[in-house]
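The structure appears below as structure tokens.
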Amino acid sequence: PPPPPPRRRMFAKPFRVKSSSAIKGSDSAELSHLVPNKEEFNVVKLYSHKGKAVTAYVLNKNPIFFEVDKQIYPTVYTLWSYPDLVTAFTTWPAVLTKLAGGADLMLPGVVVPPSGLPEVQQGDLCAVNLVENRAPVAVGLVTIPTAEMIAADMKGKGVITLHTYLDELWAFGEKTNPPVIPHVYCESGETGHQTEEEEEEENEEGTDDIEHVTAELDSIENDTADMGTLGFNVENESEHASSATGQTHDSEGHGSEIVDLKEITKGTGNGQDT
């Protein structure tokens, strides 16, 4: 059977750093593929507020990957540079603060694009982005296959949230905001001219990239004692924010404009629970 998913809300509250080891790309042939020469790459061992052991890989002050239970996951900092690295679901801007607080993404909050839902299986790694901006704001695991989502009439839990923009892992970095990356479809509902074969090829390339990074870090582990163990539509947006995260209380309504996400998240204290 597959390993149990990591505990959710790992980074909703401050974590404790156990140790930090600095390694330069020039010190290791394997690491040089991931880190430019003379750049400092830090391996940080930490414990979440619930005691979960996590390893964070930090480049230029930003965590780029984190490892839990011998599985490696990209952070939002990495996905902002490589938005197509993993399959993504889209939700509403008002849902972001709920996800940052540790809530999971419920299927009623998923915005289905004109091209339909992406094909996923239970346990697949995925990202979550917002309407009008496909820069990922959350990383998680799919709960059920696409066919079952449709059969369930888009009800129930869709994504287990592991890490988000505005959570404590994001705050461990330079706290930058997501870039603005347009979706491939326009407001009229027309889609781009990408074929199914091209979409499948992009998904395969993203999987290959993750596997390559995992292999590189595994090689580094064998050569470096300090590395430790690795394993590498819509009537009211506020209503969507509540149903999207399985919470019944009212959430703030926000317009669909997300050019500046700081306006969306104003008053949340950067999404950090204390």
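Condition first: in a strand (DSSP E or B) and either modelled with pLDDT of 95 or more or of a type in the set (Phe, Trp, Tyr) (or both). Now tell me which residues in the range 68-79 satisfy that. Don't jump to the end; show me each part of the working.
Taking the range 68-79 as the starting set, the residues that turn out to be in a strand (DSSP E or B) are 68, 71-74.
Across the range 68-79, the qualifying residues are Tyr73, Pro74.
Tell me, yes or no, whether the range 112-121 has at least one residue that is at pLDDT 95 or above and under 24 Å from Ala12 (Cβ atoms).
no
Can you find even one residue in the range 107-129 that is farther than 25 Å from Glu67 by Cβ, open to solvent by less than 10 Å² (accessible area, probe 1.4 Å) and assigned to a strand (DSSP E or B)?
No, the range 107-129 has no match at all.
With (1) open to solvent by 60 Å² or more (accessible area, probe 1.4 Å); (2) at pLDDT 90 or above; (3) over 22 Å from Asp104 (Cβ atoms) as the list, and Ser26 as the residue in question, which single condition is left unmet?
(2)
So, Thr91, is that one within 17 Å of Arg9 (Cβ to Cβ) and of a type in the set (S, T, N, Q) or not?
Working: within 17 Å of Arg9 (Cβ to Cβ): no; of a type in the set (S, T, N, Q): yes.
No, not satisfied.
May I ask you to verify whether Thr97 is modelled with pLDDT of 95 or more and among the polar types (S, T, N, Q)? Show your work before the answer.
Values: modelled with pLDDT of 95 or more: no; among the polar types (S, T, N, Q): yes.
No.
If you take the residues of the range 153-174 that are part of a loop (DSSP other than H, G, I, E, B) and within 13 Å of the chain's Cα centre (by Cα), which of them is nearest to Phe15 (Cα to Cα)? Please lay out each step first, then the result.
Step one: filter the range 153-174 for residues part of a loop (DSSP other than H, G, I, E, B), giving 153-156, 165-167, 172-174.
In the following step, the residues that additionally are within 13 Å of the chain's Cα centre (by Cα) were identified as 165-167.
On the way: Tyr165: 16, Leu166: 14, Asp167: 11 Å.
Residue satisfying both the conditions and the ranking: Asp167.
Restricting the search to the range 80-106, which residues are out of contact with any Lys or Arg (no Cβ under 7 Å at 6 or more places or on another chain) and assigned to a strand (DSSP E or B)?
Looking only at the range 80-106, we keep the residues that are out of contact with any Lys or Arg (no Cβ under 7 Å at 6 or more places or on another chain), and these are 80-82, 84-87, 89-101, 103, 105.
Passing the criteria: Thr87, Phe89, Thr90, Thr91, Leu105.
Tell me, please, whether a residue that is acidic (Asp, Glu) and either surrounded by 18 or more Cβ atoms within 10 Å (Cβ to Cβ) or at positive phi (or both) can be found in the range 144-151. Even if it seems obvious, please write down each step before you answer.
Keep residues of the range 144-151 that are acidic (Asp, Glu), which gives 148.
Filter again for either surrounded by 18 or more Cβ atoms within 10 Å (Cβ to Cβ) or at positive phi (or both), leaving none.
Within the range 144-151, not a single residue is acidic (Asp, Glu) and either surrounded by 18 or more Cβ atoms within 10 Å (Cβ to Cβ) or at positive phi (or both).
The values are calculated or read from the model by the stated rules, or taken from the named source; none is laboratory data. In this text the structure is predicted, and so the values were computed from the model without any measurement. Positions of Cβ are backbone-derived with ideal geometry, glycine not excepted, and every protein chain shown enters the neighbour counts. With ligands, DNA and RNA removed, areas are computed over all heavy atoms of the protein, side chains included. Shrake-Rupley method; radii C 1.70, N 1.55, O 1.52, S 1.80 Å.
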